[in-house]
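Here the structure is laid out as structure tokens; the discussion comes afterwards.
Computed from the coordinates by the stated procedures, all read-outs in this text should not be read as laboratory data. Here the structure is a predicted model, which means the values were calculated and not measured. FYI the Cβ positions are ideal-geometry reconstructions off the backbone, even for glycines, and counts take in every protein chain you see.
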Number of protein chains: 2
Amino acid sequence: MNISIIGLGLIGGSIALDLRESGFATNLIGVDQNHEHCQQALKLGLVDHISVWPQAVKESDLVILAIPVNAIVHLLPELMSHIGDRTTVTDMGSTKAQITACLIPSTRAHSRRGQFVASHPMAGTEHSGPTAALRGLFVGRTAVICDQHDSHPRDLKRIEELYQVLKMRLVYMSSQEHDLHAAYVSHLSHISSFVLANTVLGLEKNVGTIFDLAGGGFESTVRLAKSSPEMWAPIFEQNREHVVEALSAYIDELEAFRESLVSKDFAQTKSFMQEANHIRRVLEKMHGVAK
Amino acid sequence: MNISIIGLGLIGGSIALDLRESGFATNLIGVDQNHEHCQQALKLGLVDHISVWPQAVKESDLVILAIPVNAIVHLLPELMSHIGDRTTVTDMGSTKAQITACLIPSTRAHSRRGQFVASHPMAGTEHSGPTAALRGLFVGRTAVICDQHDSHPRDLKRIEELYQVLKMRLVYMSSQEHDLHAAYVSHLSHISSFVLANTVLGLEKNVGTIFDLAGGGFESTVRLAKSSPEMWAPIFEQNREHVVEALSAYIDELEAFRESLVSKDFAQTKSFMQEANHIRRVLEKMHGVAK
């Protein structure tokens with residue numbers, strides 16, 4: 001299959017590796033605004049050649065958008081008007097409502113809506129760029145497909161096969177449901193980590209002290225604070241309402257925790273932690289399936 | 001050397017493994033209130049035999065307290081009055097100010113203050129009990145020794161050797177400094193994680209949805225939420241003032257982040273994340289030394 005990957009970063013690069021190895025892709029065309037990323041992707045063997053998107057999509061059976069979510073919204077309507085009848089388009093964005101909404105009625109793009117499948121493979125690391133690409137990044141993780149009834153059965157099937165090749169578990173929900181749940185489970189985690197880093201860096205002007213005192217716990221909790229602001233700012237912008245709601249819930253819970261300390265109600269402090277321990281069940285279930 | 005380890009959990013058990021393997025311990029005596037933990041520790045070969053503390057400390061050159069910080073404050077003064085002239089005592093508690101303060105003047109215990117070395121090996125996992133013990137848990141991590149001038153040189157040297165055997169980096173500071181920095185770098189990480197778990201569990205009544213949507217990011221950020229409430233409640237109680245201060249700073253930063261979203265000042269949102277990215281330097285430095 002001829003496949004174009006638009007965006008040769010961590011996600012696009014990792015998909016390229018697995019699609020080539022599995023034989024699902026026979027020809028991989030890479031597109032990226034960043035010239036250095038294009039050269040790295042060629043050098044690393046992620047793609048067979050580099051092109052620009054209007055030409056790449058014409059030659060492709062499948063087009064994968066692995067660019068920041070604001071760039072997807074910007075590009076998708078015009079891109080859909082350039083594809084042929086037998087081309088399927090999917091995106092890997094971390095938001096879904098604004099992306100599906102950008103294919104509005106009364107444009108040429110809308111007439112191709114059925115050839116687009118909105119999806120989100122829930123995997124990643126805190127690193128960026130083609131050199132961050134990893135084999136098997138997606139194995140055992142979940143791929144969400146949104147609003148599947150808006151896609152033609154043939155195109156939907158092609159994207160389901162794509163994720164099966166990547167060895168992902170498929171889950172279906174509406175774009176709205178996706179964005180609500182992603183705000184709590186993924187986007188809030190990133191904010192808690194970014195802000196924890198800011199708080200500690202703000203107090204500990206002497207970076208050496210953080211380094212001296214950081215056990216394994218600190219490291220795992222702030223790992224996501226290394227994530228790309230260019231990728232995350234548009235996600236928070238597009239999913240602003242749900243993210244603000246999730247963040248407000250988090251702040252409320254933190255204030256309740258603080259109040260238990262201020263009022264010396266340590267039985268309550270302990271009770272909060274005992275409730276939090278229930279997260280074990282979720283993580284154990286994840287490990288049971290994923291590894 | 002005859003060594004008593006009081007508290008056969010993750011920390012006590014892991015130290016036992018490394019002290020035996022290195023030959024630093026020739027005889028390891030285990031003490032734990034939990035009968036099952038004693039049996040597990042014997043079965044796993046962590047210690048040579050089980051005893052009760054008044055007897056164990058009489059037979060030991062070195063006594064290591066690896067119990068929750070409230071239990072240390074409760075036990076330490078009485079324990080110090082039972083040791084002989086050539087016995088050194090150290091503790092592994094995550095707070096230091098209340099522990100050093102419990103050896104107050106005018107008690108018999110105080111006359112032994114010089115034989116006590118207040119310390120904190122900054123390492124751990126989210127698991128508990130003797131079965132969580134790991135070989136090499138401490139390698140490359142930092143051990144903090146507090147108020148070293150209050151310890152006799154001979155006893156201080158013995159504890160420095162202990163941590164060198166565990167392959168740890170030694171850092172010295174006052175108990176007060178330790179507790180302030182630990183609040184930001186370690187204790188706050190745990191609260192952010194416990195409360196993130198509570199927030200997500202509170203919204204996502206259907207645990208399956210968390211499971212479906214949790215990428216690698218969520219997992220690392222909530223890992224510490226599995227930690228033991230029995231161990232952590234006394235830490236937050238003893239270090240209450242610093243922890244409240246750190247938590248308040250964290251809440252303030254979260255509110256500023258939320259405000260950038262509410263007011264649609266996404267340049268500010270991005271700027272917060274760019275600042276947070278500086279944590280890379282700290283983590284890279286840690287990896288450079290630790291691994």
> Could you give the radius of gyration (one decimal) and Dmax (whole number) of the Cα atoms in chain B, in Å?
Replying inline: 20.9, 67
> Roughly what angle does helix A:188-203 make with the longest principal axis of chain A, taking Cα atoms, 0 to 90 degrees, to the nearest 10?
Replying inline: 50 degrees
>> I'd like the Karplus ³J(HN,Hα) series for segment A:110-122: coefficients 6.51, -1.76, 1.60, θ = phi - 60°, whole numbers in Hz, and an x wherever there's a Gly or Pro.
In response: 4, 5, 9, 3, x, 8, 9, 10, 7, 9, 8, x, 7
> How much net charge surrounds A:Asp252 when only the other residues with a Cβ under 12 Å from the Cβ of A:Asp252 are counted, with Lys and Arg +1 and Asp and Glu -1?
Replying inline: -3
>> Considering only C-alpha atoms, what is the centroid distance from segment B:141-198 to segment A:20-50, in Å?
In response: 48 Å
> If contacts are Cα pairs under 8 angstrom and at least 6 residues apart, what is the relative contact order of segment A:53-120 in percent?
Replying inline: 37 percent
>> Just to be sure I understand: of the beta bridges DSSP finds with both ends in the protein assembly as shown, what percent are antiparallel, rounded to 5?
In response: 15 percent
>> Could you compute how fast segment B:85-157 diffuses translationally, taking Rh as the Kirkwood radius over C-alpha pairs and applying Stokes-Einstein at 37 °C with viscosity 0.692 mPa s? Give it in µm² per second.
In response: 238 µm²/s
> Across chain B, how many lysine pairs separated by 8 or more positions, or lying on different chains, have Cα atoms within less than 23 Å?
Replying inline: 7
>> Compute the angle between helix B:279-290 and the longest alpha-carbon principal axis of chain B, please, reported from 0 to 90 degrees and rounded to the nearest 10.
In response: 30 degrees
> Given 25 °C and 0.890 mPa s, how large is the Stokes-Einstein diffusion coefficient of the protein assembly as shown in µm²/s, with Rh as the Kirkwood radius over Cα pairs?
Replying inline: 95 µm²/s
> Other chains near A:133-144: what is the mean number of their Cβ atoms within 10 Å of each residue's Cβ?
Replying inline: 1
> What nm distance separates the two modelled labels at A:His110 and A:Ala256, each placed 7 Å from Cα along Cα→Cβ?
Replying inline: 4.4 nm
>> What is the ratio of the Cα radius of gyration of segment B:178-290 to 2.2 N^0.38 Å, with N the residue count, to two decimals?
In response: 1.22
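Rounded to the nearest 500, what is chain A's calculated 222 nm mean residue ellipticity when only DSSP H runs of at least 4 contribute -39500 (n - 2.57) each, over all residues? Can you show the working numbers first?
Numbers: 14 runs with 152 residues, N = 291.
About -15500 deg cm²/dmol.
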> Spin-label point model (7 Å from Cα, Cβ direction): what's the B:Arg86 to B:His49 distance in nm?
Replying inline: 2.0 nm
> With springs only between Cα atoms under 10 Å, which of A:Leu103, A:Leu254, A:Leu19 fluctuates most in a Gaussian network model of chain A?
Replying inline: A:Leu254
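Using Cβ counts within 10 Å as a stand-in for footprinting exposure, how do B:Phe116, B:Phe266 rank, fewest first? Please list the in-between numbers first.
Details: B:Phe116 28, B:Phe266 16.
So the residues, fewest neighbours to most, are B:Phe266, B:Phe116.
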> Is there a simple number for the mean count of other chain Cβ atoms within 10 Å of the Cβ of residues in A:249-261, and what is it?
Replying inline: 6
> Using θ = phi - 60° and the Karplus curve 6.51 cos²θ - 1.76 cosθ + 1.60, what whole-Hz ³J(HN,Hα) does each residue of segment A:50-63 get, with Gly and Pro shown as x?
Replying inline: 10, 9, 10, 5, x, 6, 4, 5, 5, 8, 10, 7, 9, 10
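Around A:Glu275, what is the net charge, scoring Lys/Arg as +1 and Asp/Glu as -1 over all other residues with Cβ under 14 Å from its Cβ?
After counting each charged neighbour, the total is +3.
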> What net charge is computed for the residues neighbouring B:Asp265, neighbours being all others with C-beta under 13 Å from the C-beta of B:Asp265, Lys and Arg scored +1, Asp and Glu -1?
Replying inline: +2
>> In 10 Å bins starting at zero, report the fraction of Cα pairs in segment B:2-174 per bin as a rounded %.
In response: 11, 44, 38, 8, 0
>> Using the Karplus curve 6.51 cos²θ - 1.76 cosθ + 1.60 with θ = phi - 60°, what ³J(HN,Hα) values do you get for each residue of segment A:263-268, in whole Hz, with x for Gly and Pro?
In response: 8, 6, 8, 6, 5, 5
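Fewest to most neighbouring Cβ within 10 Å: what's the order for B:Ile5, A:Ile159?
With the sparsest Cβ surroundings first, the list reads A:Ile159, B:Ile5.
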> So what is the relative contact order of chain B, in percent, for Cα pairs below 8 Å that sit 6 or more residues apart?
Replying inline: 17 percent
> Relative to the first principal axis of the alpha-carbon coordinates of chain B, what is the inclination of helix B:10-22, with its axis defined by its Cα atoms, in degrees from 0 to 90 and to the nearest 10?
Replying inline: 50 degrees
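First obtain the Kirkwood hydrodynamic radius of segment B:168-213 from its Cα pairs, then insert it into the Stokes-Einstein equation at 25 °C and 0.890 mPa s, and state the resulting D in µm² per second as a whole number. Write out the running numbers ahead of the final one.
Numbers: Rh = 13.2 Å.
So the translational diffusion coefficient is about 187 µm²/s.
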> So who's got an amide H within less than 5 Å of the one on A:Ala143, skipping anything under 5 residues away but keeping other chains? H placed 1.01 Å off N, in plane.
Replying inline: A:Met122, A:Arg169, A:Leu170, A:Val171
> When B:Thr26, B:Thr100, B:Thr131, A:Thr221 are ordered from fewest to most other Cβ atoms inside 10 Å of their Cβ, what list results?
Replying inline: B:Thr26, B:Thr131, B:Thr100, A:Thr221
